[in-house]
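Contents: one structure, followed by commentary.
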Amino acid sequence: MPQQLPEDIEQYRDRKWRREDAYRIETVGQVEDMINDLGMCLGLTDHRKGMPSVYIAVCGRRDAHMPRNVQKDPEASRAWVLKDEVIAHGKMYYGKIYKGHSMFLAPRMIPVFNAIWGCSKKGESGVLSKNAQKVLQILRKEWEMATADLREACGFSDKKDLTKALDELQKRMKVIPQEVVYVPKFTYIWTLAEARFPKEMSIKMAREDAVRELARCYLQMCGMTLVGELSGKFGFYRWESGKANHQLVDEGFSERIAKGVYKLAKL
């Protein structure tokens, strides 16, 4: 297994992830174009996650490292503002879906992630906690609410109860932030995922198909994947990842160049 990626793959990622000065992003439209191109990307994470992000693309370099004092760093501040503006535009899905990472999805990837991490309305009572079900019940009645108002409506005395419930609902692709408000005080405005993306959320996919399409998107994004990488990033069983990758090889979409190592066929 190669310990490091070949330089041609790194250069491919430089272009796809906007890790070069010539490709770095400065506008909301450029962020949305990048998300559509990649299919998915993280928000305010740096190179240590091994995934593309808005912050990395704002920096336009491979070694982008998030500083401790985000408020005083112009690149981190710019990435934060762009993130908020993309959320407000409502064209891209945003939420904490896997491993607690806040990420953007292109519309075409919403059915894929929903098939893997979402749950049906009928299955909610067996999957969601009581507090999460309470938040969902309130939002289905009100459609959108600020964080403090939502906590009051749910009757939560502890802020942590709402935070935990919202994280749970984001992971299951039930609720999303639709706007970030700073005046008179900072808050998120929450809404239902199905309200903002009704068409994409209504599409049904088998889990096997969804895992294959996520593997396709990830390989297209990265150019090459190493042993156990897909499973490690998304928490799939090794056999699931292996089956998906073999299907992509059979299609001619990718090449198996070593055990567990796959490369985009067109490269």
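The values are calculated or read from the model by the stated rules, or taken from the named source; none is laboratory data. Quick caveat: nothing in here was measured; it's all calculated off a predicted structure. With ideal geometry, Cβ positions are generated from the backbone for all residues, glycine too; neighbour counts draw on all protein chains shown. Protein only, heavy atoms only, side chains kept; ligands, DNA and RNA dropped before computing areas. Shrake-Rupley method; radii C 1.70, N 1.55, O 1.52, S 1.80 Å.
Quick notes on this structure:
- Screening segment 183-220 for residues that are modelled with pLDDT under 95 and assigned to a loop (DSSP other than H, G, I, E, B) and picking the one that is farthest from ASP37 (Cα to Cα) gives PRO184.
- Residue match in segment 34-50 (condition: in contact (Cβ under 8 Å) with a residue 40 or more places away in the chain, outside any helix (DSSP H, G or I), open to solvent by less than 30 Å² (accessible area, probe 1.4 Å) and farther than 26 Å from GLY235 by Cα): no
- Residue match in segment 63-82 (condition: farther than 22 Å from THR187 by Cβ and among the aliphatic types (A, V, I, L, M)): yes
- Evaluating GLY60 against the criteria (1) in contact with a strand residue (DSSP E or B) (Cβ under 7 Å, 6 or more places away or on another chain); (2) crowded, with 18+ Cβ neighbours inside 10 Å; (3) not aromatic (Phe, Trp, Tyr) leaves one unmet condition, (1).
- Long-range neighbours under 7 Å by Cβ, at least six apart or interchain, first residue on the phi > 0 side of the Ramachandran plot within segment 248-267, second of a type in the set (Val, Ile, Thr) and surrounded by 13 or more Cβ atoms within 10 Å (Cβ to Cβ): GLY260/VAL227
- When residues in segment 221-267 are screened for being part of a loop (DSSP other than H, G, I, E, B), of a type in the set (A, V, I, L, M, F, W, C) and farther than 20 Å from ILE9 by Cβ, 1 of them pass.
- Given (1) crowded, with 21+ Cβ neighbours inside 10 Å; (2) over 16 Å from the mean Cα position of the chain (by Cα); (3) more than 13 Å from ARG18 (Cβ to Cβ), index of the condition ARG78 fails: (1)
- Test for LYS243: is it among the basic types (Lys, Arg), surrounded by fewer than 19 Cβ atoms within 10 Å (Cβ to Cβ) and touching a Pro at 6+ places or on another chain (Cβ under 9 Å): no
- Complete set of residues in segment 135-159 that are touching a strand residue (DSSP E or B) at 6+ places or on another chain (Cβ under 8 Å) and either of a type in the set (Phe, Trp, Tyr) or part of a helix (DSSP H, G or I) (or both): VAL135, LEU136, ILE138, LEU139, ARG140, TRP143, THR147, ALA148, LEU150, ALA153
- Considered as a group, the residues in segment 121-134 that are among the charged types (D, E, K, R) and outside any helix (DSSP H, G or I) include one that is surrounded by the fewest Cβ atoms within 10 Å (Cβ to Cβ), and that residue is LYS122.
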